[in-house]
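Structure first, commentary second.
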Amino acid sequence: MNTSRREWLRQSAFALAAAGIAADVFAGKEKKLLPADNMILLNSNENAYGPSPKARKAILDHYLSSNRYPDDLIPVLKKEIAKHWNIRPENILFGAGSSEILGLVSLHVSFTKGNVITAEPSYRVWNEQAEAFGLNFIRIPLNSERKLDLEKMKSSINAATRMVYICNPNNPTGTYIDDAVLRNFVNEVSKSVMVLADEAYTEFADLPSLADIAVNNPNVVVAKTFSKIYGLAGARIGYAIAHPDTINKLGRYQPWTDMGISTVTANAALASVADKAFVDECREKTKQTREMCYECFRQLSLEYVPSHTSFILFNISKLKGDFSGQMRARNIFVQYREHFGGKWCRVSMGTTEEMKAFCAALKSIST
Ligand code: PLP
């Protein structure tokens, strides 16, 4: 499904660029290059509202600086991010999305082969790379509330465990662990193994970050991203927050430390980081669209997992036929997976209009 979406986007990009639309975009006209207006992309947890107006302006103001490396800008951006989290610039390392950070931490712990403890289901895209580094995964099922089973994760640590991965809130369930409980767990477990805390969605639930623990503990890395609430998924920027010794080690695995992001992207992130109004607006709109979807699921008697993120997991076991195919036929792209012994769909929150279309499509498929 993702492959066909990418292929569609690629072809559309060529077609639109050939039509000279790219020039309009750079001229600041209100034209959308991608996706086409009738495509409803609810399968990758992208932000339907972003980039923010400030980030858009920064992109247009700075695209001509694309002939310059971002090395002067990196310290400026680090300073702003450090201010935002009340940490120091030495606690930050940039990557092309938080995916790169997950990869660097995996590489770091893989020099002595062993296992990684993660939840099932949880965010997996980086797992194949970690396996290529020689790590293997111990997957601990979520508990009955569809939350991370921290007790079981802790008791599964053995002599070969190199890392515990915590995705909080968790993708694909959207559930989260209470801050005090999580902090106890991280402090305890990091005495023996690395803890990688993936905070891709914390802003949607207004959860506190574990940054304060990470900057003092070489065995804890927090992965942050601009892809989700900041709406910069395509710009590709994320970062690690960690102790300076850990940051130095991770940075040495990059061919050019901190420099995997573009000048335009760094400027967009700089305009975004302190934009509290945009973050609040996205959180609020996402909450509203979640409520709209819950109502629709209730009407159709479809089980769902109450979410604190920009996506919802709901049960489609009782629906007949090829669910994602039927959605695709209506130009709606969602993610389909088997979990907990049944069939589930993870739907990302789009705009209000997009979610109305999603609900209408779901009703027509269900009845
Ligand atoms: N972590 C989680 C939990 C995600 O859901 C995603 C993307 O969907 C990522 C990390 C990677 O995001 P990016 O590389 O765009 O920062």
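Here are the numbers for this structure:
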{"item": "Qualifying residues in the stretch 317-337 (those that are surrounded by fewer than 22 Cβ atoms within 10 Å (Cβ to Cβ) and touching a Phe, Trp or Tyr at 6+ places or on another chain (Cβ under 7 Å)) - the one farthest from Ala361 (Cα to Cα)", "result": "Arg337"}
{"item": "Long-range neighbours under 6 Å by Cβ, at least six apart or interchain, first residue farther than 15 Å from Ala119 by Cβ within the stretch 162-186, second not in a helix (DSSP H, G or I)", "result": "Arg162/Gly114; Asp179/Pro208"}
{"item": "Residues located in the stretch 80-103, provided they are more than 12 Å from the ligand (Cβ to nearest atom), within 16 Å of Asp245 (Cα to Cα) and touching a residue at least 24 places away in the same chain (Cβ under 8 Å)", "result": "Ile87, Arg88, Glu90, Asn91, Ile92, Leu93"}
{"item": "Count of the stretch 173-208 residues which are of a type in the set (Ser, Thr, Tyr) and more than 15 Å from the chain's Cα centre (by Cα)", "result": "2"}
{"item": "Test: residue in the stretch 211-231 that is in a helix (DSSP H, G or I) and either within 14 Å of the ligand (Cβ to nearest atom) or on the phi > 0 side of the Ramachandran plot (or both)", "result": "no"}
{"item": "Residue check for Asp258: within 19 Å of Pro89 (Cβ to Cβ) and surrounded by fewer than 16 Cβ atoms within 10 Å (Cβ to Cβ)", "result": "no"}
{"item": "Those residues of the stretch 140-167 which are closer than 21 Å to Ile101 by Cβ and under 21 Å from the mean Cα position of the chain (by Cα), in sequence order", "result": "Leu148, Met163, Val164, Tyr165, Ile166, Cys167"}
{"item": "The stretch 104-142: number of residues that are buried (at least 19 other Cβ atoms within 10 Å of the Cβ) and within 14 Å of the ligand (Cβ to nearest atom)", "result": "11"}
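Bear in mind these aren't lab numbers, they're just calculated from the coordinates by the rules spelled out. Note that this is a predicted model, so its numbers are computed, not measured. Every residue, glycine among them, receives a Cβ derived from its backbone with ideal geometry; neighbour counts consider all protein chains shown.
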